[in-house]
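One structure is given below, encoded as structure tokens.
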Amino acid sequence: MAEIFDPKPIVNKGFEIDERILNIADKAEENCAAEFASIDRTARINGERVLKAFIDNKVSAACMNGTAGYGYGDLGRDTLDAVYAQVMGGEDALVRHSFVSGTHALTCALFGVLRSGDKLVSLTGAPYDTLEEVIGIRGKGNGSLADFGVGYDQVELLPDGTPDLAEIFNKAKDAKVAYIQRSRGYSLRPAFTVDGIAEMVKAAKGSNPDIIVMVDNCYGEFVESKEPLHAGADLIIGSLIKNPGAGIAETGGYIAGRSDLVEQCAYRLTCVGMGKEVGCSLNQNKLMYQGLFFAPEVVANALKTAAFTGEIMSLLGFKCFPEKGAKRGDIITAVLMKDKESLIAFCQGIQKGSPVDSFVIPEPWDMPGYDSQVIMAAGSFNTGSSIELSADAPLRDPFAAYVQGGLTFSAGRMGVLIALQEMFDKHCLKLF
Ligand SMILES: *Cc1c(COP(=O)(O)O)cnc(C)c1O
């Protein structure tokens, strides 16, 4: 048989990783082989769906050009909306660089659809930290949904972290919007798979067929071969500096789903009556197209980094979520660090292994929207972009590091090894 592999690869020098860490890394990578093959299959299916949407919607060279001013008749913007709608399985989409973050896109969706006297019910327990102020769970008088007379209730997850379908059926009865957070966010409960989301949709619509199911899709895009709209959700929302922007889109967010609802969200983002027809794309169109085009492959690299992280940390005796063999619903691996020193050392090590700002030392700080101090390691091309290798953690018990991203597996893998070396150097890791 012909030699198809590189027979004598050169060994990269200079990272100064302890031999024992390198050996465990080899073992971890070996253990991930089957999962990597499955990740590649999913990437192919999603990559094909993206390519088909580009072709079907006649994406052209002209679409790459931006507009200034009001942005009337922006071909690139309008075509990108159609491409996203097709990829995500919706009737329409609103993809804009002018969403300042995922939280902003989610806020436009909530305020776009809900009216005074309506009720919002979260089906997946407490929502992501930054939404507490938006909903009005934390802080009053700031213009939250509560201030405008929108009621809120939540269905707690069962002790094993799965949704309480019977309680969803009950609480959906008098609600206008049912809210699902796909990703684990800053919690140790599992991320929900698209099939799991389908069950929640069925339970909520079983008692209230008119209920609008909205899914916070952050960190979930392209993890599986289908998205929540394919499972019966009405609206999904995400950030372009996470999965669907592939580290290429510079900022922004998207909302996709039922066209009447997308229009209401657009009325909230711009203004009533104008909606989607205004909003210039400046020079962002090409980056958003390229981001979506690369996203299935980049998410695959992030997933491989996630699987590798879970495996190597488990081999070293740390408890990780998702646990081995569990199906992934997002790109996050949570690693229980046992104490504050280990958590900080790990995050500082991830920063050291980043392509950008490797020489910077992250420290815990009071980040807007969060109620405990947060440490964030993110040596990324786009500030705060967490499809790029990043580790962040609220400094609270149980000192879990939430690790996500990795534009390429080679850099993601080495980033994690450098973090382990940092822990070892700071006496937070024992090697045998
Ligand atoms: C990232 C994220 C958001 C939005 O956060 P931003 O930092 O505002 O983009 C919301 N929900 C979840 C689950 C997230 O991961």
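The values are calculated or read from the model by the stated rules, or taken from the named source; none is laboratory data. Since we're looking at a predicted model, the values are computed, not measured. With ideal geometry, Cβ positions are generated from the backbone for all residues, glycine too; neighbour counts draw on all protein chains shown. These accessible areas exclude ligands, DNA and RNA; they are computed on the full protein's heavy atoms, side chains included. Shrake-Rupley method; radii C 1.70, N 1.55, O 1.52, S 1.80 Å.
On a 0 to 90° scale, report how tilted helix 285-315 is relative to the longest principal axis of the chain, with both axes built from alpha carbons and the result rounded to the nearest 10.
It is inclined by approximately 50 degrees.
In the chain, what percent of the accessible surface is made up of carbon and sulfur (1.4 Å probe, ligands and nucleic acids excluded)?
Details: 10320 of 18460 Å².
The computed percentage sits at 56.
Could you compute the FRET efficiency for C271 and D160, with r as their C-beta to C-beta distance and R0 at 60 Å, rounded to 0.05? The partial results should precede the final answer.
On the way: r = 45 Å, r/R0 = 0.75.
For R0 = 60 Å, the calculated efficiency reads 0.85.
Pull out the extension gain between K426 and D260, defined as 0.36 nm times the separation in residues minus the alpha carbon to alpha carbon distance; nm, one decimal. Please list the in-between numbers first.
Working: separation 166, 0.36 × 166 = 59.76 nm, distance 5.52 nm.
The K426-D260 span can extend by a further 54.2 nm.
Arrange the residues D153, D366 by how much accessible surface each exposes, largest first, with a 1.4 angstrom probe. Before the final figure, lay out each step's value.
Details: D153 50, D366 115 Å².
Sorted by accessible area, descending: D366, D153.
Sorted by average packing, counted as other Cβ atoms within 10 angstrom per residue and highest first, what order do 186-192, 247-253 take?
On the way: 186-192: 21.0, 247-253: 24.6.
Ranked by mean Cβ neighbours within 10 Å, highest first: 247-253, 186-192.
Can you tell me how much longer the chain between D195 and I45 gets when fully stretched, taken as 0.36 nm per residue apart minus their C-alpha distance, in nm with one decimal? List each step's numbers first, then the result.
Values: separation 150, 0.36 × 150 = 54.00 nm, distance 1.72 nm.
That pair, D195 and I45, stretches by 52.3 nm at full extension.
Counting only C-alpha contacts under 8 Å and six or more residues apart, can you give the relative contact order of segment 378-432 as a whole percent? Can you show the working numbers first?
Working: 51 pairs, mean separation 12.4, N = 55.
Here the relative contact order equals 23 percent.
Pull out the extension gain between S38 and N142, defined as 0.36 nm times the separation in residues minus the alpha carbon to alpha carbon distance; nm, one decimal. Provide the component values of the computation, followed by the final result.
Details: separation 104, 0.36 × 104 = 37.44 nm, distance 4.61 nm.
Here the answer is 32.8 nm.
Compute the acute angle (0 to 90°) between the alpha-carbon long axis of helix 259-269 and the principal axis of greatest extent of the alpha-carbon atoms of the chain; round to the nearest 10°.
80 degrees
For Cα pairs less than 8 Å apart in space and 6+ apart in sequence, what is the mean separation divided by the residue count of segment 48-292, i.e. the relative contact order in percent? Write down the numbers at each step before the final one.
On the way: 519 pairs, mean separation 68.6, N = 245.
RCO, segment 48-292: 28 percent.
For the peptides 121-128, 210-217, 335-342, what is the packing order when you average, over each peptide's residues, the other Cβ atoms within 10 Å and list the highest mean first? Can you show the working numbers first?
On the way: 121-128: 22.6, 210-217: 24.1, 335-342: 17.6.
Output ranking for 121-128, 210-217, 335-342: 210-217, 121-128, 335-342.
Quick check: pseudo-label points 7 Å beyond the Cα along Cα→Cβ at Q290 and D174, how many nm apart are they?
My value for the distance between the label points is 5.3 nm.
Measure nothing but the geometry: give the 0 to 90° angle between the long axis through the Cα atoms of 194-207 and the longest principal axis through the Cα atoms of the chain, rounded to 10°.
30 degrees
Tell me, what is the percent relative contact order of the chain, built from C-alpha pairs under 8 Å that lie six or more residues apart?
Numbers: 932 pairs, mean separation 78.2, N = 432.
Value for the chain: 18 percent.
In a Debye calculation with equal point scatterers on the alpha-carbon sites of segment 48-292 and no solvent, what is log10 I(q)/I(0) at q = 0.09, 0.13, 0.17 Å⁻¹?
-0.36, -0.76, -1.26
Could you sort the peptides 351-357, 262-268, 175-181 by per-residue average Cβ neighbour count (10 Å cutoff), highest mean leading? Show your work: numbers first, answer last.
Numbers: 351-357: 19.3, 262-268: 20.9, 175-181: 24.1.
Highest-to-lowest ranking by the protection proxy: 175-181, 262-268, 351-357.
How much accessible area per residue does the chain have, in Å², with a 1.4 Å probe?
Ligands and nucleic acids excluded, the result is 43 Å² per residue.
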